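A quick write-up on the structure given underneath.
The values are calculated or read from the model by the stated rules, or taken from the named source; none is laboratory data. Note that the structure is a prediction, hence the values are computed from the model and not measured. Quick reminder, even Gly has a Cβ in these numbers, built from the backbone with ideal geometry, and neighbours come from all protein chains shown. With ligands, DNA and RNA removed, areas are computed over all heavy atoms of the protein, side chains included. Shrake-Rupley method; radii C 1.70, N 1.55, O 1.52, S 1.80 Å.
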Amino acid sequence: MNERDDYSLEDEASSLCRLRIPEECAGQRLDQALARLFPEHSRSRLQAWLKAGRVMLDGTQPDARHRVHGGEQLEIDLAPAPEDLAMAAEPIPLAVVYEDDAILVIDKPAGLVVHPGSGNWSGTLLNALLHHAPSLGAVPRAGIVHRLDKDTSGLLVVAKTLPAQTDLIRQLQARTVSRRYLALVQGVVDQGARVDAPIGRHPVQRTRMAVVSSGKEAATRYRVRERFRRCTLVECELETGRTHQIRVHMAHAGFPLVGDPVYGARRNTGDVLLDGFPRQALHAWRLGLNHPVGRVPMSWESALPGDFSALLATLRLEEGG
């Protein structure tokens, strides 16, 4: 008889497994017995379940080193960890701008996380892509080759095959992919410029990026599109693609993005309109690249989303008044 022949789930929808420790396990440490009983799960996962209190032995939470005698009642919660669901397909709507057999261009809304990570193991663009095109499960990172921050909207290209992904990554490295953004920044910008400043982890606040001498090369060009009394609409073009690059570089230049809670030092300035914008005012409006198959130059543009467009409309009304 198999050592787990007498195990049962509480019900069909439950992840709680109940079984008796076999006599053959007598004298073993509990973690060793679990590894024997549940060989489909890694030892590190079983250890994590023990630490999380998901394993009960005769109604108590045992230590991994506890020696079993055989015959004890074991209860273990086999529910998958959140990270185990990271590659699950989810029916999340996508705004598809362009699609063929090699690439997919998405207009990402603000608020959508691109790739699963700590605190965001589901509900991401990656989950949506796997539902839209299940074949992307065979491509690393579901074909994602570059990212947009959660609260940045706009265009993003995805590779549908491994050769297309390799080609797009090489284009990004060669800086032949054109990525242009519209950003509303605090302050009045007199003229455009180029920010050439290395970006790396903030030396103290490790969740932030910063201009640091030990960082990676980073360059951003910006030019004025429209001026207002207390802010400026600028167009930014990436020469490199570092994490939070535009947000860090514009703050470094003295013009942090409106609504940026990290680099904008959002504070109660008394400006109800700008202080109230709920995210960084940044939109990836134009994307250009050479198609991975045939090398034909292609480009796409995305209209400003409703919240950004409404903010500009209000500013223009104020200027007219």
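Condition first: open to solvent by less than 30 Å² (accessible area, probe 1.4 Å) and touching a residue at least 60 places away in the same chain (Cβ under 8 Å). Now tell me which residues in the stretch 140-176 satisfy that.
Passing the criteria: 146, 148, 152, 153, 154, 155, 156, 157, 159, 164, 168, 171.
Please determine, by comparing only the residues of the stretch 272-293 that are open to solvent by 60 Å² or more (accessible area, probe 1.4 Å) and closer than 25 Å to residue 163 by Cα, which one is farthest from the chain's Cα centre (by Cα).
293
Within the stretch 50-73, can one find any residue that is touching a residue at least 40 places away in the same chain (Cβ under 8 Å) and among the charged types (D, E, K, R)?
Yes; the residues of the stretch 50-73 include at least one that is touching a residue at least 40 places away in the same chain (Cβ under 8 Å) and among the charged types (D, E, K, R).
Taking the stretch 235-261 as the search range and keeping residues that are in contact with a helix residue (DSSP H, G or I) (Cβ under 7 Å, 6 or more places away or on another chain), open to solvent by 10 Å² or more (accessible area, probe 1.4 Å) and assigned to a loop (DSSP other than H, G, I, E, B), which one is modelled with the lowest pLDDT?
By that ranking, first place goes to 241.
Can you tell me which of (1) open to solvent by 50 Å² or more (accessible area, probe 1.4 Å); (2) of a type outside the set (S, T, N, Q); (3) within 22 Å of residue 248 (Cα to Cα); (4) part of a helix (DSSP H, G or I) is the one residue 307 doesn't meet?
Every listed condition holds for residue 307 apart from (3).
Kindly establish whether residue 137 is closer than 29 Å to residue 278 by Cα, free of Cβ contacts under 8 Å to residues at least 60 places away in the same chain and open to solvent by 10 Å² or more (accessible area, probe 1.4 Å).
So residue 137 fails the test.
Give the residue, chosen from 210, 197, 183, 164, that is among the hydrophobic types (A, V, I, L, M, F, W, C) and farther than 30 Å from residue 228 by Cβ.
164
Residue check, residue 295 against (1) within 26 Å of residue 170 (Cβ to Cβ); (2) modelled with pLDDT of 95 or more, all met but one. Which one?
Among (1) within 26 Å of residue 170 (Cβ to Cβ); (2) modelled with pLDDT of 95 or more, the lone unmet condition for residue 295 is (2).
Cβ-Cβ under 6 Å, sequence separation 6+ or interchain: first residue in the stretch 5-31 and closer than 15 Å to residue 57 by Cβ and among the small types (Gly, Ala, Ser), partner at pLDDT 75 or above and part of a loop (DSSP other than H, G, I, E, B). Which pairs?
Cβ pairs passing all conditions: 26/69; 26/70.
Out of everything in the stretch 209-221 that is open to solvent by less than 50 Å² (accessible area, probe 1.4 Å) and out of contact with any His (no Cβ under 8 Å at 6 or more places or on another chain), what residue ends up being nearest to residue 255 (Cα to Cα)?
219
Taking the residues in the stretch 180-208 that are open to solvent by 20 Å² or more (accessible area, probe 1.4 Å) and touching a Lys or Arg at 6+ places or on another chain (Cβ under 7 Å) as candidates, determine which candidate is nearest to residue 309 (Cα to Cα).
Checking each candidate, the answer is 180.
At pLDDT 95 or above and among the small types (Gly, Ala, Ser), is that true of residue 153?
Here the answer is yes, as residue 153 does meet what is asked.
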